[in-house]
Amino acid sequence: MLEAPLLPLLGTGFLLGWSVAWPPGPINAEIARRCLARGFWAGFGLLLGACSGDALWAVLVSLGVGVLFTGPTTRAVMGGVSVALLLALAYVFLRGAWRSLRAAPAAAGAPARFDSHRASYLLGATMALSSPWNVAFWLAAVGRPEMARQGTAALLVMAAAVIVGALTWGVLWSGSVVLLHRRAGPGGRWWDVGVKALTGALMLYFAVTSARGLLAL
């Protein structure tokens, strides 16, 4: 039974989800790249995967299981997996940019299997689940003592509102990228090279930033 007022929980959760989703990060960068490469639904698939991963963390934290993932060893392992994933993505995109640069214009393009809807969803979920910072966020958002006193139902409602807020931002971000791309035109071969190179550079930057954060723990 829900003991806390519903509207404040929904409003706070929505605003929190929006505020945590909009800053630049690897998921937003990859959503934009997939929208540019394969259209709205490719980016939206990654967004759904990321929100599914966040939903799982939210449920675990609400049930008290999330605390098990806050130990230094677990955080180090998860952080290492996250950094390795970001480095792998940086390699894939930078290699793709180099191959597109050397290939004939008709041969340029992203690998269809990697940019499929299923791959988008799985990658988004993996990025969300492997990030130790996501655990810290959910513990801060719904794992606070004052939230715990309101009961599991209130925690789950607020977590759902956070995910809706993040999902709303993602829909607007994906749609904006697609609209800007249509207005600007495809740009041919150099557009393909530039998008892959920029995304690869961003993934490398996020990997280095995450690694530095882990070393500071």
**Report entry** Verdict on residue 164 being of a type in the set (A, V, I, L, M), modelled with pLDDT of 90 or more and within 21 Å of the chain's Cα centre (by Cα)
**Finding:** yes
Report summary line: residue 176 fails exactly one of (1) over 22 Å from residue 199 (Cβ atoms); (2) at pLDDT 85 or above, namely (1)
Report task. Quick one: which residue in 15, 48, 60 is closer than 27 Å to residue 215 by Cβ, at pLDDT 80 or above and either touching an Asp or Glu at 6+ places or on another chain (Cβ under 8 Å) or of a type outside the set (Asp, Glu) (or both)? Result -> 60
Report task. Would you point out which residue out of 182, 149 is over 18 Å from the mean Cα position of the chain (by Cα), at pLDDT 80 or above and surrounded by fewer than 18 Cβ atoms within 10 Å (Cβ to Cβ)? Result -> 182
Query raised in the report: Can you tell me how many residues in the stretch 19-44 are over 13 Å from the mean Cα position of the chain (by Cα) and either assigned to a helix (DSSP H, G or I) or surrounded by 23 or more Cβ atoms within 10 Å (Cβ to Cβ) (or both)?
Result: 8
Requested in this report: Could you grab me the full set of residues in the stretch 202-217 that are surrounded by 15 or more Cβ atoms within 10 Å (Cβ to Cβ) and out of contact with any Gly (no Cβ under 6 Å at 6 or more places or on another chain)?
Outcome: 202, 203, 204, 205, 206, 207, 210, 211
Requested in this report: Could you tell me which numbered condition residue 75 fails, if it satisfies all but one of (1) farther than 19 Å from residue 124 by Cβ; (2) among the charged types (D, E, K, R); (3) at pLDDT 80 or above?
Outcome: (3)
Report task. Could you look through the stretch 99-123, keep only residues that are modelled with pLDDT of 80 or more, under 20 Å from residue 32 (Cβ atoms) and not small (Gly, Ala, Ser), and pick out the one that is surrounded by the most Cβ atoms within 10 Å (Cβ to Cβ)? Result -> 123
Requested in this report: Within the stretch 1-33, track down each residue that is among the charged types (D, E, K, R) and within 15 Å of residue 125 (Cα to Cα).
Outcome: 30
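The values are calculated or read from the model by the stated rules, or taken from the named source; none is laboratory data. In this text the structure is predicted, and so the values were computed from the model without any measurement. Counting neighbours? That spans all protein chains shown, and the Cβs are built from the backbone with ideal geometry, glycine included.
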